[in-house]
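The values are calculated or read from the model by the stated rules, or taken from the named source; none is laboratory data. Since the model is a prediction, treat every value here as computed from it, not as a measurement. Don't worry about glycine lacking a Cβ; one is built from the backbone with ideal geometry, like all the others, and counts go over all protein chains shown. Only protein heavy atoms, including side chains, enter the accessible area calculation; ligands, DNA and RNA are left aside. Shrake-Rupley method; radii C 1.70, N 1.55, O 1.52, S 1.80 Å.
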Amino acid sequence: MKTPVKLPIGIEDFKEIRTEGFYYVDKTGMITELLNNWGKVNLFTRPRRFGKSLNMSMLKYFFSFDCEPELFQGLAVEKERELCEKYMGKFPVISITLKGVEARNFEEAVAMLCAVIRKEAMRFPFLSGSSRLTEKEIAEYDQLTTPAPSGQQTVTMPADSLKNSLLTLSQLLCRHYGQKVILLIDEYDVPLDRAQQNGYYDEMVDLIRGLFGQVLKTNESLQFAILTGCLRIAKESIFTGLNNFNVMSITDDLFHEHFGFTDEEVKALLEYYGLNDKYSSIKEWYDGYHFGEINIYCPWDVINHVNRLRKTPNARPKAYWINSSGNAIIRTLLQKATPQTRMELDRLVNGDSITKKISEELTYRDLYDSLDNLWSVLFTTGYLTRQAEVDLNTYELIIPNREIRMIFTEQILDWFQKEAREDAPALDAFCEAFRQGDPASIERQFTSYLKKTISIRDTAVRRERKENFYHGILLGLLSSQRSWVISSNAESGAGYSDILIEIPDENTGIVIELKYSESRNMEAACQKALEQIEEKNYAERLMEDDMDTIFKYGIACRRNACMVRMADTETEKEDHT
C-alpha cells in the first residue's frame with residue numbers, strides 16, 4: 001500500500017509542495033479566472049490563513065521566465081493549453097511579501113522594507129551587467145542591492161529611492177527583457193497594521209502611498225499587479241488615482257473557491273487519508289465561511305487537524321487559528337461594548353444572526369473609532385461571516401463555526417474576569433458569601449455578574465457545554481481568593497465534583513455542583529445538584545483533609561439568571577462528627 005504524502009503544515013512555497021511530496025489542493029483554476037478577468041491592479045482580501053501566500057507563490061512560478069512546466073502537470077490550468085502557451089513562463093515577475101514588516105518604530109520598519117526589496121532585487125544579478133541598460137540604470141540597480149556596511153545588519157535607502165524602488169526594478173526588468181513585468185505584493189497591509197499599533201501610522205501611510213503610487217500608477221513597464229491582504233484600505237488612503245483597480249473581497253462571486261477549501265476538496269482530502277468518518281466534526285468546527293456564493297473551510301485548521309488525526313486517530317478538534325492570529329479586535333470590541341453590544345454578542349454566540357451595515361473601505365486609523373467599524377473588521381478578518389445580504393452593504397452576520405464561537409466565548413470570559421476583579425470589594429463579598437453559608441447573597445451577586453456577560457442557550461449546544469460555560473465563570477470569580485485551595489472537576493467520593501474548595505486557615509470546605517436548567521424550574525435543577533453531591537459523596541475528600549465545616553451548594557443557571565440552594569449545614573456538621 002502506497003504511503004500517503006505529507007501534509008504541508010506552514011509551507012507556502014508552491015514549488016516545495018509540488019516537488020517534495022506534499023498534498024496539494026489544486027487552486028490553479030485561479031490563474032484561468034485571473035487572466036479572464038484581470039485589471040491593471042488586482043487586490044484580493046481574505047482573512048489570515050486562507051491560502052493567500054501559497055496562491056501568490058503559485059502565480060510567481062507560473063508566470064516567471066524560469067517557470068518549470070512540470071510543476072503544473074496534472075493540475076487544472078494545464079488543460080488550458082492556449083492560455084498556457086501565451087502566459088506560462090513569459091514574464092519577469094517581482095514578488096515580495098510584507099508580512100515580516102512588523103516593526104516597533106518607523107526607522108525599523110523602513111529598514112525591514114528596504115531589506116525586503118533588496119532581497120528581491122538580488123534575484124536578478126544579471127541586471128548589473130546587462131548590455132541593454134545604460135550605466136545610469138545599472139547604477140540605479142546597484143543602489144537597490146547595496147549591502148549593509150560592515151558591522152551593520154541592515155541598510156536603508158534614501159526616502160525617494162525607497163519610494164521609487166519597485167518602479168525602478170520593474171523598469172529595469174522591462175528594459176532588459178523587452179517584456180512588461182508582473183508585480184506580486186503579498187500581505188500589503190501588515191506594515192500599516194503594525195504602524196497603527198505602534199504609533200507611526202502617518203509616516204507609514206506616506207511611505208506606502210509613495211511606494212505603491214509610483215509602481216502601480218501610470219507605470220508603462222507593468223503588465224499587471226496583484227496584491228493580497230486582510231483589509232481593503234480606503235482607496236483615497238494609499239490607492240489614490242488608480243482607475244483600473246479590481247478588488248475581490250469575501251463578498252464577491254469571482255474567485256470565491258480559490259482561497260480556502262470547498263466542501264468537495266475537504267471530502268477528497270479526508271478520503272485520501274482514510275478519515276471519512278471525521279467529516280461531520282471537521283465541518284462543524286472549521287466550515288461556515290461564506291465567500292461569494294459558497295461555503296468555505298479554513299484550510300489552516302483542516303490541514304492541522306487532519307495531520308493530528310493521522311498521529312492520534314481519536315484526537316478531538318481544537319482551535320488552531322487562534323494560535324496564528326491575534327484576537328485584539330475582540331478585546332477592543334468588548335472594551336467598547338454597550339449593553340446593546342453585549343446583547344448582540346449573546347445572540348451571536350448562541351447561533352443567531354445580527355444585521356449590520358458593513359464598510360469594506362476603512363483606514364487602519366478608523367478601525368477602532370466606532371463600534372460600527374469594529375463589526376466591519378470582525379467580518380472582513382473572518383470572525384464573522386454573512387448569512388444573507390439584506391440590502392446594499394448590509395448583511396445578516398453569524399459566527400461561522402464552532403472554533404470561532406469558542407474564541408469569542410474564551411475572550412468574553414477573559415474580559416469578564418478582568419472586569420469583575422476591578423471591583424475587588426464586590427468580588428470579595430461574593431466569595432465571602434460562600435464561606436459564610438449565605439446562598440441568598442450568592443444568588444443575588446452571581447445573577448448580577450451573569451447579567452454583565454453573555455449566556456449560552458443555543459438549543460444545538462449540548463448541556464455539558466452550557467454547564468462548562470457557567471462553571472468557567474464561577475471558577476474564575478472564586479479563583480480571586482489566593483488563600484483558598486480550589487480544585488475543578490476533582491476526583492472525590494464516587495465521581496468528579498464540579499468545584500471543591502478548602503480554606504485551610506479555618507478548616508472550612510465547600511462543595512459546588514452546577515447544573516444548567518433547560519426550563520424555568522431551576523429549583524428542580526438545584527435539588528438534582530444537591531442530590532448528586534450526596535449520592536457521589538463529593539465531600540469525602542474534604543473530610544479526609546480534616547475540614548471541620550463543609551458547605552454544599554447546588555447552583556442552577558439559565559441564560560443570565562441563577563438559583564442557589566444549600567444543604568443543611570448544621571446536619572452536615574453532625575454527620576461529619
Unmet criterion (only one of (1) touching a Pro at 6+ places or on another chain (Cβ under 8 Å); (2) farther than 25 Å from R49 by Cβ) for L216: (1)
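Tally time: how many residues in region 279-312 are farther than 20 Å from I407 by Cβ and either in contact with a Phe, Trp or Tyr (Cβ under 8 Å, 6 or more places away or on another chain) or in contact (Cβ under 8 Å) with a residue 24 or more places away in the chain (or both)? Spell out how you get there, then give the answer.
From region 279-312, those farther than 20 Å from I407 by Cβ are 279-280, 292-294, 306-307, 309-312; that's our starting set.
With the extra rule that they be either in contact with a Phe, Trp or Tyr (Cβ under 8 Å, 6 or more places away or on another chain) or in contact (Cβ under 8 Å) with a residue 24 or more places away in the chain (or both), the set shrinks to 292-294, 306-307, 309-310.
The total comes to 7.
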Restricting to region 480-505, count the residues that are surrounded by 15 or more Cβ atoms within 10 Å (Cβ to Cβ) and either in a helix (DSSP H, G or I) or among the polar types (S, T, N, Q) (or both). 6
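Within region 189-205, work out how many residues are of a type in the set (D, E), part of a helix (DSSP H, G or I) and surrounded by 18 or more Cβ atoms within 10 Å (Cβ to Cβ). If you could, list the steps in order and put the result at the bottom.
First, pick out the residues of region 189-205 that are of a type in the set (D, E): 189, 193, 202-203.
Restricting the remaining residues to those that are part of a helix (DSSP H, G or I) gives 193, 202-203.
Next cut, surrounded by 18 or more Cβ atoms within 10 Å (Cβ to Cβ) only: 193.
Number satisfying all stated conditions: 1.
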Every listed condition ((1) surrounded by fewer than 19 Cβ atoms within 10 Å (Cβ to Cβ); (2) in a helix (DSSP H, G or I); (3) free of Cβ contacts under 8 Å to residues at least 60 places away in the same chain) holds for K163 save (1)
Give the residue, chosen from L43, L34, that is surrounded by 21 or more Cβ atoms within 10 Å (Cβ to Cβ), out of contact with any helix residue (DSSP H, G or I) (no Cβ under 6 Å at 6 or more places or on another chain) and assigned to a helix (DSSP H, G or I). L34
Under 9 Å by Cβ, and 6 or more places apart or on different chains, what pairs join a residue from region 72-92 that is without any contact (Cβ under 8 Å) to a residue 60 or more places away in the chain with one that is open to solvent by 100 Å² or more (accessible area, probe 1.4 Å) and assigned to a helix (DSSP H, G or I)? L83/N36
Looking at E432, is it open to solvent by 30 Å² or more (accessible area, probe 1.4 Å) and more than 24 Å from T338 (Cα to Cα)? yes
Single condition P313 does not satisfy, out of (1) more than 19 Å from Y383 (Cβ to Cβ); (2) open to solvent by less than 70 Å² (accessible area, probe 1.4 Å): (2)
If I ask for residues that are modelled with pLDDT under 85 and open to solvent by less than 20 Å² (accessible area, probe 1.4 Å), which ones from region 232-264 would you list? I233, A234, S237, I238, F239, L242
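Scan region 265-306 residue by residue and report those that are in a helix (DSSP H, G or I) and surrounded by fewer than 17 Cβ atoms within 10 Å (Cβ to Cβ).
We begin by selecting, within region 265-306, every residue in a helix (DSSP H, G or I); these are 265-272, 276-286, 299-306.
Result: K267, A268, E271, Y272, N276, D277, Y279, S280, S281, E284.
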Let me spell it out: the conditions are (1) exposed (fewer than 15 other Cβ atoms within 10 Å of the Cβ); (2) assigned to a helix (DSSP H, G or I); (3) within 43 Å of the chain's Cα centre (by Cα), and C526 meets all of them except one. Which number is the exception? (1)
Restricting to region 442-479, what's the tally of residues that are assigned to a loop (DSSP other than H, G, I, E, B) and at pLDDT 90 or above? 1
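In this structure, is E78 in contact with a helix residue (DSSP H, G or I) (Cβ under 6 Å, 6 or more places away or on another chain), of a type in the set (D, E, K, R) and not in a helix (DSSP H, G or I)?
Details: in contact with a helix residue (DSSP H, G or I) (Cβ under 6 Å, 6 or more places away or on another chain): yes; of a type in the set (D, E, K, R): yes; not in a helix (DSSP H, G or I): no.
It is false that E78 is in contact with a helix residue (DSSP H, G or I) (Cβ under 6 Å, 6 or more places away or on another chain), of a type in the set (D, E, K, R) and not in a helix (DSSP H, G or I).
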Subset of region 316-330 [surrounded by 15 or more Cβ atoms within 10 Å (Cβ to Cβ) and either part of a helix (DSSP H, G or I) or in contact with a helix residue (DSSP H, G or I) (Cβ under 7 Å, 6 or more places away or on another chain) (or both)]: P317, A319, Y320, W321, I322, N327, I329, I330
Give me a count of the residues in region 170-188 that are of a type in the set (G, A, S) and either open to solvent by 10 Å² or more (accessible area, probe 1.4 Å) or on the phi > 0 side of the Ramachandran plot (or both). 1
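Looking for something in a strand (DSSP E or B), open to solvent by 50 Å² or more (accessible area, probe 1.4 Å), in contact with an Asp or Glu (Cβ under 7 Å, 6 or more places away or on another chain) and under 24 Å from E16 (Cβ atoms) - is there at least one such residue anywhere in region 99-113?
First pass over region 99-113, keeping only residues in a strand (DSSP E or B): none.
No, the conditions are met nowhere in region 99-113.
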Sole miss for P8 among (1) open to solvent by 10 Å² or more (accessible area, probe 1.4 Å); (2) modelled with pLDDT of 95 or more; (3) assigned to a helix (DSSP H, G or I) is condition (3)
Log entry, pairs with first residue in region 408-421 being touching a residue at least 12 places away in the same chain (Cβ under 8 Å), second being of a type outside the set (G, A, S) and not in a helix (DSSP H, G or I), beta carbons closer than 6 Å, six or more apart or on different chains, reads Q411/N327; I412/I454; F416/T453
Counted residues in region 353-365 being open to solvent by 30 Å² or more (accessible area, probe 1.4 Å) and either in contact (Cβ under 8 Å) with a residue 60 or more places away in the chain or of a type in the set (S, T, N, Q) (or both) come to 5
Out of (1) buried (at least 20 other Cβ atoms within 10 Å of the Cβ); (2) touching a Pro at 6+ places or on another chain (Cβ under 9 Å); (3) of a type outside the set (D, E), the one K52 does not meet is (2)
Six or more apart or on different chains, Cβ under 9 Å: which pairs go from a residue in region 201-228 that's more than 27 Å from H258 (Cβ to Cβ) to one that's among the acidic types (D, E) and surrounded by fewer than 22 Cβ atoms within 10 Å (Cβ to Cβ)? Could you list them? G210/D160
Scanning for something part of a helix (DSSP H, G or I) and surrounded by 15 or more Cβ atoms within 10 Å (Cβ to Cβ), does region 551-573 turn up at least one residue? yes
